[in-house]
Structures are given as C-alpha cells and as structure tokens.
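Chemist: Below you will find the structure I want to go over with you.
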Amino acid sequence: MDEGLLEGEANLKSCLEDWSDLNKEFTQLEATHDRYKKVLEDLWDIQKKCVTGIAHHRYRMKQITEKMTKIKENSKPETDEALKRLRSEMQQRKSQFREMEECLPHKNGLYLSIILGSVSVSLLNKEDKFAYKYNYETFKATVSYISMALSLVLLFVSDYRWLDAVLHFLLVWYYCTLTIRENILMVNGSRIKGWWVTHHFISTVCAALTLIWPDSYTYKYFRGQYSLFCCYLSFLYIVQFFYQKGALYRLRALGQRHEMDITVEGFMSWMWKGISFLLPFLFAGYFFQLYNAYVLYRLSQDPQCKEWQVSFLAIIHLILSVGNITTTLKVVVDKLRTDRRQQLTTKYRFNSHEKKDS
Ligand code: COA
C-alpha cells in the first residue's frame, strides 16, 4: 500500500483516540460546571435570605425601640438596668449587621445607577476590597505625577493654549473618574467623608470652566498662578498617597492576627505622625486656594474682564477652600474624640481561604 495512505490512516486513528479521551474529560467538565451552577444558585438563595433576614431584624428592632420609648425611665432600678442592657445589646447587634453586610451584595446608589446601570459593583471579600482601594490610591498618584509634570512645563512654556487645554482636560477626566471610583468604594463600605466626593464633583466643574475660559487678558493674568497651584495640588495628592498606602498596609497587618507585626497603639501613633506631617502642607494648599478665590474676585471686578468664568471660578475656589478647611478640621477632631480601635482590627481581616498571594 502507498506509504502516504498508511500514514494518513495512522494519524486518523490517533485523532479518533484523542477525541474519545477528550470526550471523557468533557463529561467530567460538564459535571463540574453543573455543580458550579448549582453552587451559584444556592449562593444567590443564601445571599437573598441573609439580605431579607437583616432587613427583617432591622424592622423588628425599630419596633422594639419605639416600644422602649414608651417605657418611663427612673421608675424602678431593675427597669433602668434592663433598658440599658437592651440598648447596649441592640447597638452591638447593629455593628454585627454592618460586619455581615461586608460580604453581601449592595444596590448601586443613584449616581452609579445612572452611569453604570444595574450592574453589581459589590466586592464580596475583604481582599478584593483591599485591592480595589489600593488600585484607587495608585491611580490618583499616577495621574498626579503626570499632572505635576504637565503643570511644571506650563510654568515655563506659555505660548501654547492647546498645552494648557491638555492639562485641563486631563483634570476633568481625572476628577470624573475619581467620583465614579469613590462611589464604588462607598457601595463597598468605605467611610470616605461625603465632602471629599463632593469636592471631586466640584473640581470637575472647576477644571471644565478653566478649559473653556477664552484665551483673554484675564486668562493670561491668572494662568501662571493656576499652573503653580495645579503643581502644588498634584504634590499634595502624592503625599496623601504615601499616607493612605501606609495606612492600608498597616490596617491589613492589623487584621492578620496570626502574623501580627503591628499593634493598634502602633497604628495610632503612626497615623498621628502621618497626619501631623500632612496637615501643614494641606493647610498651605487650602490658603493658596483661598488666595486664588481672592485674585479671581479682584480680576472679575477689572473693567477688562469680559468672561463670566472668572466670577464663577472665584466662587468655586472659595467653596473648595472653605469645605476643605472645615472637613479636615472635623476629621482631626473626630479622630481625637472617637475610639475606632475595634473597627481598625477588623477592617481588612482576611480569612485564610480569602488570602491570595499579593
Ligand atoms: N479622598 C478620598 N478618600 C479619603 C480622603 C480623601 N481626601 N480622606 C480620607 N479618605 C478615606 C480613607 O482612605 C478612609 O477610607 P476607607 O474607609 O475606605 O478605608 C476613609 O476615607 C476614612 O478616612 P479617615 O479615617 O476619616 O481619614 P484618614 O486617616 O484616612 O485621612 C486625612 C485623614 C486628613 C489625612 C485625609 O482626610 C486627607 O488627606 N484630607 C485632605 C484631602 C484634601 O484636602 N484633598 C483636597 C486637596 S488635595
């Protein structure tokens, strides 16, 4: 027989054998996939039960609290004692609910629903939350390095309006992205103060107004100062990144009890050192912003000023500066007043099965 024909038959036989082997493996794969679908369905069922269970408990607790308000205090010492115990137990139960909700899906808020629709952005384990938060901080730092370099260039090169527009457009995109990422962080239990998110919304408007500000006398007057401010702001974001990165890694070490190399006291002492280092730089930035508002206001009164953007920007810089000063002071005062030790140790505590190499 022809040698080529023989070789062809041998190859066909080998192909059929391989296919038959693969068929057996495929049956196994199908069974595994069926098991996966079943586990997924069970998971959805249990998730639903937990979410409705928590809602039911909250509803019952609200009813009990309403009843409690009708009980007169100072009637009998036993009554007072029982009420006090009940209140403290209910408080404890509320924090247990918060802890339970950390690994349950959450609904998107209005802003995310508008932008993303109903797609779920819930991260169901603490390691994913940690990774997402770290990614958010790295994103801020990366864009800040770029905007710092760009604004430095603008300080020395003043003839190209399109180059200014590149920086302003970058800032519009950056702040918009931050608001989305921050909303996702909040859905996943981050305690970012509402002001910082609002600050990024307002900063988007500020960058957009600067982008459309015509290349006029007023623009040319303010441009150098604004480039310097952008440069300083980028520097602020970078120093904040080192603080937040340090805090994140220390919080994770706190959560890993078995390999704990940091105590809550150690964390608190590091945090205060970090904040004391940051505060002078932050406040210098806030006063710079206040000065921007003043210069813009003076400029808006100038007879040569024809652009509506100038007075709007003066108001925006003023709002941002006052909001930043009051919020930062409030954060520091809250930190001095409230004891969040328990919260710190559980924040990024991974179970051993959640832990991957990172
Ligand atoms: N932007 C985004 N997130 C912030 C934030 C900010 N400016 N300040 C705090 N957060 C986050 C924290 O990372 C933490 O998140 P988590 O719950 O997901 O872990 C949460 O908000 C609570 O933080 P808190 O304990 O209140 O403060 P902190 O110790 O992390 O930081 C400061 C305190 C003062 C250092 C910080 O708020 C800060 O840098 N403020 C100045 C920001 C600023 O001025 N920006 C504008 C000009 S650059």
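The values are calculated or read from the model by the stated rules, or taken from the named source; none is laboratory data. Only a predicted model underlies this, so the values are computations on that prediction, with no experimental measurement involved. Quick reminder, even Gly has a Cβ in these numbers, built from the backbone with ideal geometry, and neighbours come from all protein chains shown. Please note that ligands, DNA and RNA were not included when accessible areas were found on the heavy atoms of the full protein model with its side chains. Shrake-Rupley method; radii C 1.70, N 1.55, O 1.52, S 1.80 Å.
Chemist: So how do 267-275, 167-175, 219-227, 78-86 stack up, highest first, on mean other-Cβ count within 10 Å? Let's see the in-between values first.
Modeler: Values: 267-275: 15.0, 167-175: 18.8, 219-227: 17.1, 78-86: 11.9.
For the peptides 267-275, 167-175, 219-227, 78-86, the packing ranking is 167-175, 219-227, 267-275, 78-86.
Chemist: Same structure, new question: State which helices in the chain qualify, where a helix is a whole DSSP H run, it must extend 27 Å or more along its own axis by its Cα atoms, and its mean Kyte-Doolittle hydropathy must be at least 0.5.
Modeler: Details: long enough: 3-69 (97 Å, -0.88); 77-101 (36 Å, -1.81); 126-156 (46 Å, 0.17); 161-187 (39 Å, 0.92); 194-212 (28 Å, 1.18); 217-255 (56 Å, 0.22); 264-300 (51 Å, 0.78); 309-337 (41 Å, 1.12).
Sorted by number, the helices that extend far enough and score high enough are 161-187, 194-212, 264-300, 309-337.
Chemist: Is region 99-175 rounded, prolate or oblate when judged by the Cα gyration tensor, a ≥ b ≥ c being the square roots of its eigenvalues, rounded requiring a/c under 1.5 and prolate requiring a/b larger than b/c?
Modeler: On the way: a/c = 5.98, a/b = 2.29, b/c = 2.61.
In terms of gyration-tensor shape, oblate.
Chemist: Compute, for Trp44, the solvent-accessible surface of its heavy atoms (probe 1.4 Å) with the complete set of protein chains present, and express it in square angstrom to the nearest 10.
Modeler: Accessible area of Trp44: about 140 Å².
Chemist: Using alpha carbon centroids, what distance separates region 166-242 and region 104-122, in Å?
Modeler: Answer, in whole Å: 24.
Chemist: How many percent of the alpha carbon pairs in region 7-101 exceed a separation of 20 Å?
Modeler: On the way: 2943 of 4465 pairs.
Tail fraction, whole percent: 66.
Chemist: Per residue, what accessible area does the chain have, given a 1.4 Å probe and all protein chains present, in Å²? List each step's numbers first, then the result.
Modeler: Numbers: 22540 Å² over 358 residues.
Using a 1.4 Å probe on heavy atoms only, each residue of the chain averages 63 Å².
Chemist: What do you get for Rg/Rh of region 125-238 when both radii come from the Cα atoms and Rh is the Kirkwood radius? Provide the component values of the computation, followed by the final result.
Modeler: Working: Rg = 15.6 Å, Rh = 15.1 Å.
Expressed as Rg/Rh, it is 1.04.
Chemist: Let me ask something else. Can you tell me, using C-alpha contacts under 8 Å and at least 6 residues apart, the relative contact order of the chain as a whole percent?
Modeler: Working: 258 pairs, mean separation 62.3, N = 358.
Relative CO of the chain lands at 17 percent.
Chemist: May I ask you to list the trypsin sites (Lys or Arg not before Pro) in region 43-81 that are in a DSSP loop and have at most 16 other Cβ atoms within 10 Å of their Cβ?
Modeler: Listed in order of number, the matching sites are Lys70, Lys72.
Chemist: Let me ask something additional. Leaving out ligands, DNA and RNA, and with a 1.4 Å probe, what % of the accessible surface on region 120-345 is carbon or sulfur? Walk me through the numbers on the way to the answer.
Modeler: On the way: 7420 of 11030 Å².
Whole-percent figure for carbon plus sulfur exposure: 67.
Chemist: Give me the accessible area of Glu7, 1.4 Å probe, in Å² rounded to the nearest 10.
Modeler: Result for Glu7: roughly 120 Å² accessible.
Chemist: Going out from 0 in 10 Å bins, what whole percent of all Cα-Cα distances in the chain drops into each bin?
Modeler: Per 10 Å bin, starting at 0, the Cα pair percentages come out as 4, 16, 22, 20, 15, 11, 7, 4, 2, 0, 0, 0.
Chemist: Right, another one. Normalized C-alpha radius of gyration of region 157-215, against 2.2 N^0.38 Å? The partial results should precede the final answer.
Modeler: Working: Rg = 14.1 Å, N = 59, 2.2 N^0.38 = 10.4 Å.
Ratio of Rg to 2.2 N^0.38 Å for region 157-215: 1.36.
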